[in-house]
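So the structure is just underneath, and the comments pick up after that.
The values are calculated or read from the model by the stated rules, or taken from the named source; none is laboratory data. As the structure is a computational prediction, the values presented were derived from the model and not from experiment. All Cβ positions, glycine included, derive from the backbone under ideal geometry; neighbour counts span all protein chains shown.
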Amino acid sequence: MKRYLGRQVVQLVVVIFGISVLSFSILHVIGDPIVLLVPEGAPKEDHERFRKLLGLDQPIYVQYWKFASRAIQGDFGKSWYGDAPVFRLVMDRMPPTIYLTFAGLLVALLIALPLGILAALKRHSIVDNLCTALAVGGQAMPIFWLGIMLIILFAVRLRLLPASGYGTWQHFLMPAFTLGAFLAPITMRLVRSGVIEVMNMEFIKTARAKGLGERTVVIKHAFRNACIPVITVLGLQFGQLLGGAIVTETVFAWPGVATLTVESIRNQDFPVVQGAVVLLAMIIVVVNLVVDTIVGLIDPRIRVSA
Amino acid sequence: MTRFRHAFLALLGCLALMTAAPVEAQTKGDTLVYVFQSDVDTWDSPNSVQRTAIILGYNVYNHLAERDLKTMQVGPSLATSWKAIDDTTWEVTLRKGVKFHDGSPFSARDVKATFDRVLDPAKKLTARGNHAKIKSVEVVDDHTVRFKTDGPYPLFAERLTALVMQSEKVINEKGHDWMQEHPVGTGPYKLVKWTRKQEHLLVRNDDYWGPKPAFKYVRVRIIPDTATAIAELISGGVDIIKAVPPDQMDVINKSGDARTTVSPILRTSMLQLDQAGRTGPNPFQDLAVDAAAIIKHVLNGLGDRVATAVNPMAFGFDPSIKPYTQDIPRAKKLLAEAGFPNGLDFRFRTTIGTVEPGVGQTNEAIIADLAKAGLRAQQSFIGESVAYNSQVKEGKAGPMFNWSWGYYSIFDADAILYDVYKCGEPYSYYCNKALDDLIHAGRTALDPKKRAEIYAKAQRLLFDDTAYIYKWGLRGVWGVSNRINYEGPRDEIDRFYLVTFRK
Amino acid sequence: MSAVGAGGQVGVAAAPDRPGETPSAATVGLRRLWRLKWGLGAAAVLLLIIASAVLAPTVAPHDPLSVNIRHRLAPPAWLEGGAAANPLGTDQVGRDLLSRVIYGGRVSLMVGVSAVLLSATIGVLLGMGAGYFGGRTDWTIVTLVNVMLTFPFVLLALAVISVLGPSITNMIAVLGAAGWPIYARVMRAETLAIREREFVLAGRALGMSHARIIFRQIFPNLVSALVVIATLQVAQVIVLESFLSFLGLGVQPPTPAWGNMLGEGRVYMLNSWWIATFPGLAIFVTTLAINLMGNALRDWLDPHMKL
């Protein structure tokens, strides 16, 4: 058990290191922040002066070391507009994003679990075909389109829900549903195939042979075991979820990290972009670690084989 | 099964957490909701060029004088009267019994501290250029101030409406950085909370010396996307939105819950060209853009074509100069003569329409027109006003960028010529000594007839030299909820304290 | 019906039919064809879309960039105020919407195919390399794959675009360079499975070079999996491109792309709804067609494929 956790933590550190190197190199190696800072047509000396000022004249690994050592202490620099510290800016906007992500996940599960199980149990029936059709259709639907249509229907025409913003549970409904609808199709198919595979396994046949009722077989044995691959893949999906969250937040003017990142990119405010990317990635990695650990706890086979 | 029960409970817990997310304390009945598309960078009004900062400042601070929207005349506010003692001295009498939000009394020393701070070249505050003609401020007694000007200053009274009065105690004890986020004014509203890029919450100042505002709270929400702002207005989520694109006006007016109000405003828009480094005669003529057609079709007629950046409502406007009309063949010929027979590619910077209605669509039309003459503009879009203004201020917005100027709501040609054309000013991309001389002369002459002549000469110069590509004087378009009474202000300053309920 | 895969995740295997049944050969054949009906229909639609994109200059009624503000916001031809000259109406500066949708398809397909080609090339090489050589190479590549898979695709794309600036080339580069892990993972798994097969061992014994073994012996067995993943990934990339363009970080106006047309048309949803609706429809139909075709392809090539 300890070994398993230990391995996971090592993996976490390696991955976080990799992410920080990745995002650092993107910003400093691929691009040249100086070009964007200095006025067009400015003489070469200005470029050099800025470079010295921002410490960009030092070798890359020195710059990285400075960045990393400061980052560990929570100092991700300051925004280029307004001087607010990046860490505070990003973390202030983190809760709405986290809440939205969980809400979306919840909605996706609420839709996908029952439908997926139903489809799996009644394979090749009309219900199954309908569910699959819904899934394929849902996957093709552009998420921003759905969001915009929901706003027009529920806010503008029906006046039932607020059109944008954050604060009450009514503000959560449409964004959560949009994000959930984005994730639900894939989740449903995963659940379906997970349940199908499990239903065909030996221990189910044994359970049936023992004379247990179909209901018990399904709920107690099949479902529990199907959850493992579902949870694993759901954890991996967290990254995908973020893609959906970015667009959802933009459509609903949700005050989260995603809108902050997009705004900062539009404003070419690099410290904020870098900070947001690294912090978000770290959170995702931690979530993945937690999911892996939970799965490892539930299914000892994974612990041993990893 | 217990493990799953735990997981399920955890999920439920998350749901509960979400419901516990902050719920508004104010009710709909006592809160006015107002929308900006872009947030301010600071609450320290003299330190910002943003119209949004001017508007917020007007509601939380007071000025020495205030413009009456019905008569458009300058009247008393914190100052009850003023008179010119001689050509270069003005004496101002202050209102008694006024208190700042922190309880300290307002007096002449606060006036002096505010002006000293703004006029100090070392502090580099944005408003310095506006008030540069004031040489010094003396405290005569608690309620009397004497201003000494650098030569005759005809705009003295007008400019009293353009500087908020801040507390000497705050300036000295709290310092510049603190003042960026904590406004301590004498105005009808106080700032309760500022959540950057999201919203400001203001509460009524119950000790205000003037008439009490009808709404107890004001929520200033930041909604960058026009579609969302309009949806919020129609669905009753917000009360006032600005800069509505003219082609969306019918949506609001037909909704039954909101209406639009239009007013000509001082704001004039133009395409600024990076001309400061230019030597020699200007081969430019503004021939490519069919501005009249754009105003008619894209803005549905809501714009007043101008020949230079001076607005028809400003003193000194010269109606005799006729603006260019579109002439593509001639434009192409000029371009070829200048050495670009195959046209020219360049960057065109733009931003969102926080103050300019329909700017996205008009810019697209302009780009298309320019392309017809071989001028291929690559649009470079910056999504936030503050970031955009920073780039402009730091000289990085060339070679061409979309710009508009609100004159700080001073109805005089000087209010645009100095900041946008004078050599060396942070927002000016043009440099012409002859013009600078005219600006200086206009600031100093006391006789209105003489000033009008000077400004006519200045406009002729700007037109012949094609300093920038001029567009039009804007019409402000506001979207207003039917539960309130509100008219679009001609000076482009939204006064929250004047909004009342509609019966 | 078969299992998951539209997103290219390594999920669960397609399960066999109910145990106990032994269908006749004819039934199997018919069933296979029937299952493919959606895929064939989708392929037909897709062919139409591709054809219109490739032949855009001939098929599109107008120049997608020609602005005419006197005819802006014209409704589609079948509505009052519409004209046959602009079948789907015009946008906010008078450009013909149908032409823009067609040219937008061009951009989307070009970005989709180019990015997938790039990702697939990188991913296949790295995946086969990892599976074949094993050891430290394998470990490095697997760690790299894990890091990149954890790092959300979109975030990576955003970060790079923020630095390089939005443009079609940059988007292809980013989407291509960030999408390879999926191919690598699957190719590696398949390579591992094949590596110990007899014909490969025979090749080694005969002294064939590594490159020859990889490309002549192993690769041909991976092609079917590769084709399926690549097809489904094209849909994924098109969706991502539309996300980025919608946010203003992808294809820049005035170049037509379904994503940015939707973004620009958003403010017109309540009166000139066609500006945003038709691009949205285009994204939906194209993505659906590709997904259906991809699923059918997988069923046809090998229903028991681990995808």
>> Looking only at segment B:386-404, filter to residues that are out of contact with any strand residue (DSSP E or B) (no Cβ under 6 Å at 6 or more places or on another chain) and more than 10 Å from chain A (Cβ to nearest Cβ); which one of those is farthest from B:Gly358 (Cα to Cα)?
In response: B:Lys393
>> Given the criterion within 11 Å of chain A (Cβ to nearest Cβ) and on the phi > 0 side of the Ramachandran plot, identify the matching residue among C:Gly135, C:Gly165.
In response: C:Gly165
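Okay, residues lined up against (1) away from every other protein chain (no Cβ under 14 Å); (2) touching a residue at least 40 places away in the same chain (Cβ under 8 Å); (3) not β-branched (Val, Ile, Thr):
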site: C:Arg212; (1), (2), (3): yes, no, yes
site: C:Ile218; (1), (2), (3): yes, yes, no
site: C:Asn221; (1), (2), (3): yes, no, yes
site: C:Val228; (1), (2), (3): yes, yes, no
site: C:Phe243; (1), (2), (3): no, yes, yes
site: C:Leu247; (1), (2), (3): no, no, yes
site: C:Gln252; (1), (2), (3): no, yes, yes
site: C:Ala257; (1), (2), (3): no, yes, yes
site: C:Met261; (1), (2), (3): no, yes, yes
> Going through segment C:187-240 one residue at a time, which ones are polar (S, T, N, Q) and over 19 Å from C:Ile122 (Cβ atoms)?
Replying inline: C:Ser209, C:Gln217, C:Asn221, C:Ser224
>> Conditions first: (1) more than 12 Å from chain C (Cβ to nearest Cβ); (2) among the charged types (D, E, K, R); (3) under 30 Å from A:Ser79 (Cα atoms). B:Asp318 passes all but one, so which condition is the exception?
In response: (3)
> Can you pull out the residues in segment C:113-132 that are buried (at least 24 other Cβ atoms within 10 Å of the Cβ) and under 18 Å from C:Gly259 (Cα atoms)?
Replying inline: C:Ala115
>> Anything in segment C:160-194 that is at pLDDT below 80, surrounded by 19 or more Cβ atoms within 10 Å (Cβ to Cβ) and not hydrophobic (A, V, I, L, M, F, W, C)? List them, or say none.
In response: C:Ser162
>> So in segment C:263-288, with the set limited to residues that are more than 12 Å from A:Trp145 (Cα to Cα), under 20 Å from the mean Cα position of the chain (by Cα) and buried (at least 23 other Cβ atoms within 10 Å of the Cβ), which one is nearest to the other protein chains (Cβ to nearest Cβ)?
In response: C:Thr287
>> So B:Asp327 passes all but one of these: (1) surrounded by fewer than 23 Cβ atoms within 10 Å (Cβ to Cβ); (2) within 14 Å of chain C (Cβ to nearest Cβ); (3) at pLDDT below 90. Which condition number does it fail?
In response: (2)
> Among the residues of segment B:435-445, is any assigned to a strand (DSSP E or B) and hydrophobic (A, V, I, L, M, F, W, C)?
Replying inline: no
>> Being modelled with pLDDT under 70, within 13 Å of chain C (Cβ to nearest Cβ) and surrounded by 16 or more Cβ atoms within 10 Å (Cβ to Cβ) is the requirement here; does A:Gly18 meet it?
In response: no
> When both residues are 6+ apart or on different chains and their Cβ atoms are under 6 Å apart, which pairs have a first residue that lies in segment B:473-495 and is free of Cβ contacts under 8 Å to residues at least 24 places away in the same chain, and a second that is of a type in the set (D, E, K, R)?
Replying inline: B:Asn485/B:Arg502
> Hey, among C:Val12, C:Val4, C:Val59, which residue is under 27 Å from C:Ala230 (Cβ atoms), touching a Pro at 6+ places or on another chain (Cβ under 7 Å) and either surrounded by fewer than 16 Cβ atoms within 10 Å (Cβ to Cβ) or at pLDDT below 75 (or both)?
Replying inline: C:Val12
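Results for (1) away from chain C (no Cβ under 12 Å); (2) crowded, with 21+ Cβ neighbours inside 10 Å, shown as yes or no for each residue.
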site: A:Met94; (1), (2): yes, no
site: A:Leu100; (1), (2): yes, yes
site: A:Gly104; (1), (2): yes, yes
site: A:Leu110; (1), (2): yes, no
site: A:Ala135; (1), (2): no, yes
>> So A:Ile143 passes all but one of these: (1) touching a residue at least 60 places away in the same chain (Cβ under 8 Å); (2) more than 10 Å from chain C (Cβ to nearest Cβ); (3) touching a helix residue (DSSP H, G or I) at 6+ places or on another chain (Cβ under 6 Å). Which condition number does it fail?
In response: (2)
>> Residues to consider are A:Asp128, A:Asp92; find the one that is modelled with pLDDT under 90, of a type in the set (D, E, K, R) and touching a helix residue (DSSP H, G or I) at 6+ places or on another chain (Cβ under 8 Å).
In response: A:Asp128
> Within the bounds of segment A:113-126, is there any residue that is buried (at least 19 other Cβ atoms within 10 Å of the Cβ), away from chain C (no Cβ under 11 Å) and closer than 29 Å to B:Lys254 by Cα?
Replying inline: no
> List the pairs whose first member sits in segment B:60-72 and is at positive phi, whose second member is part of a loop (DSSP other than H, G, I, E, B) and surrounded by 24 or more Cβ atoms within 10 Å (Cβ to Cβ), and whose Cβ atoms are under 7 Å apart, counting only residues at least 6 apart or on separate chains?
Replying inline: none
>> Out of everything in segment B:289-303 that is out of contact with any Pro (no Cβ under 6 Å at 6 or more places or on another chain) and surrounded by fewer than 20 Cβ atoms within 10 Å (Cβ to Cβ), what residue ends up being nearest to B:Pro319 (Cα to Cα)?
In response: B:Ala292
>> Step by step: first the residues of segment A:175-205, then only those that are more than 9 Å from chain C (Cβ to nearest Cβ) and small (Gly, Ala, Ser), then the one that is nearest to A:Ala103 (Cα to Cα). Which residue is that?
In response: A:Ala176
> Here is a list of conditions, (1) β-branched (Val, Ile, Thr); (2) within 27 Å of A:Asn267 (Cβ to Cβ); (3) assigned to a helix (DSSP H, G or I), and B:Thr268 meets all of them except one; can you say which number that is?
Replying inline: (3)
> Among the listed residues B:Ala413, B:Ala456, which satisfies the condition of being within 16 Å of the chain's Cα centre (by Cα) and at pLDDT 90 or above?
Replying inline: B:Ala413
> Within the bounds of segment B:375-384, is there any residue that is β-branched (Val, Ile, Thr) and part of a helix (DSSP H, G or I)?
Replying inline: no
>> Of everything in segment B:375-385, what is of a type in the set (A, V, I, L, M, F, W, C) and within 11 Å of another protein chain (Cβ to nearest Cβ)? Give them in sequence order.
In response: B:Ala377, B:Phe381, B:Ile382
>> Can you say whether B:Asn402 is among the polar types (S, T, N, Q), crowded, with 22+ Cβ neighbours inside 10 Å and part of a strand (DSSP E or B), as far as the supplied structure shows?
In response: yes
>> Looking at segment C:63-99 only, could you name the residues that are in contact (Cβ under 8 Å) with a residue 24 or more places away in the chain, in contact with a strand residue (DSSP E or B) (Cβ under 9 Å, 6 or more places away or on another chain) and outside any loop (DSSP other than H, G, I, E, B)?
In response: C:Asp96, C:Leu97
> Looking only at segment A:146-174, which residues are within 7 Å of another protein chain (Cβ to nearest Cβ), closer than 21 Å to A:Gly256 by Cβ and part of a helix (DSSP H, G or I)?
Replying inline: A:Ile148, A:Ile151, A:Ala155, A:Trp169, A:Phe172
